[in-house]
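Have a look at the structure below, then the notes.
The values are calculated or read from the model by the stated rules, or taken from the named source; none is laboratory data. Predicted model only: the values in this text are computed from it and were never measured. Reconstructed Cβ throughout: ideal geometry from the backbone, glycine too, with neighbour counts over all protein chains shown.
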Amino acid sequence: MRTRPRYTGPSFNRLIPNILTLLGLCAGLTAIRFALDAQWEKAAVLIVVCAAIDALDGRLARLLKATSRFGAEFDSLSDFLCFGVAPALILFLWTLHDGRGLGFAPCLLFAVCSALRLARFNASLSDAPALALGGPPPAPAYSQNFFTGVPAPAGAGLVLFPLFAALVLQDWGWVKLAGAVRHPVFVGTLLVVVGGLMVSTLPTWSFKNFKVRADYVLPLLLGIGAYVAIMLTEPWAALATGGLIYAGMLPFSARSYHRLKREADSRLEPVAADPEEATG
């Protein structure tokens, strides 16, 4: 009787997150190719696809219990290309190439900031076991709901706002306003500002354990339904509006973090020493 041979190695289910990351990497590379051919709509769509894949692969890895150091490193490398290199190159070819070296400088700075942010994130993963033994105490529970700085996918969405806005304004016939949004000074300044936000210590909501009050559930669902409807009918307008909404949320996320920090610090009341014990 022949027995079925047994092979060593991970199951296919555990490879699915890495396959998704690979697909995202291919989408980012293809976005660069479309940008070289001046097909801006296709390039922008592929960056959005990269963001959707990035939102899925990590959660799927945790769901399938397929997290690994290789997957984390591969995901970071893919994020650097898809959300650091590709958006900067797309914007350079779209409008900043007229500035030559001066126009390339903001793109270079944004890509470097993206690499630094991802390196800081990987370093925090490497240092986590050591910190539990002899380093500083672990981060408080409330900080788990926040990122340090703007994450790479959100940063890519913010810097691509001029491209999204110009596409929708051109469709609406507002050519002058579309030209103003496409101006190299505006695009270059946005790249520098968003790059600084990515490497900053600004606390931003991660939405991982985000809880919604019961009376806000229905308005939230209605708002999401309206946004999806706009996405299906006017995708560029929805993407541009999403960038504005996220940028408007940054001050509120910082305020929420500092409020939680104050509440946590207020619970840590100092214990006064007994003067008799101190002198005895």
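Within the option set Leu221, Leu250, Leu244, being hydrophobic (A, V, I, L, M, F, W, C), in contact with a strand residue (DSSP E or B) (Cβ under 7 Å, 6 or more places away or on another chain), more than 18 Å from Trp172 (Cα to Cα) and assigned to a helix (DSSP H, G or I) holds for one residue only, Leu250. For segment 52-87, which residues satisfy the criterion of being farther than 28 Å from Ser11 by Cβ and either without any contact (Cβ under 8 Å) to a residue 12 or more places away in the chain or in contact with a Pro (Cβ under 7 Å, 6 or more places away or on another chain) (or both)? Residue satisfying the conditions is Phe83 alone. If you check Phe161 against the conditions, is it at pLDDT 90 or above, crowded, with 20+ Cβ neighbours inside 10 Å and of a type outside the set (Asp, Glu)? In short, yes.
Within segment 32-64, the set of residues being over 21 Å from the mean Cα position of the chain (by Cα), surrounded by fewer than 16 Cβ atoms within 10 Å (Cβ to Cβ) and not charged (D, E, K, R) comprises Leu36, Ala38, Gln39, Leu64.
Condition first: assigned to a helix (DSSP H, G or I), touching a Lys or Arg at 6+ places or on another chain (Cβ under 7 Å) and either touching a residue at least 60 places away in the same chain (Cβ under 8 Å) or surrounded by fewer than 19 Cβ atoms within 10 Å (Cβ to Cβ) (or both). Can you find one or more residues in segment 188-199 that meet it? Working first, answer last.
Initially, segment 188-199 is screened for residues assigned to a helix (DSSP H, G or I), giving 188-199.
With touching a Lys or Arg at 6+ places or on another chain (Cβ under 7 Å) added as a condition, the list becomes 198-199.
In the following step, the residues that additionally are either touching a residue at least 60 places away in the same chain (Cβ under 8 Å) or surrounded by fewer than 19 Cβ atoms within 10 Å (Cβ to Cβ) (or both) were identified as 198-199.
Within segment 188-199, one or more residues are assigned to a helix (DSSP H, G or I), touching a Lys or Arg at 6+ places or on another chain (Cβ under 7 Å) and either touching a residue at least 60 places away in the same chain (Cβ under 8 Å) or surrounded by fewer than 19 Cβ atoms within 10 Å (Cβ to Cβ) (or both).
Restricting the first member to segment 93-107 and to residues that are exposed (fewer than 15 other Cβ atoms within 10 Å of the Cβ), and the second to residues that are part of a helix (DSSP H, G or I) and of a type outside the set (Asp, Glu), the beta-carbon pairs closer than 7 Å and six or more apart or on different chains are His97/Gly103; Asp98/Pro184.
Can you tell me which residue in segment 65-88 is surrounded by the fewest Cβ atoms within 10 Å (Cβ to Cβ), limited to those that are closer than 15 Å to Ala152 by Cα and aliphatic (A, V, I, L, M)? Give the steps one after another, and end with the answer.
To start, the set of residues in segment 65-88 that are closer than 15 Å to Ala152 by Cα comprises 72-88.
Retained after the next criterion (residues that are aliphatic (A, V, I, L, M)): 72, 77, 81, 85-86, 88.
Working: Ala72: 17, Leu77: 15, Leu81: 19, Val85: 19, Ala86: 25, Ala88: 25.
Here the residue is Leu77.
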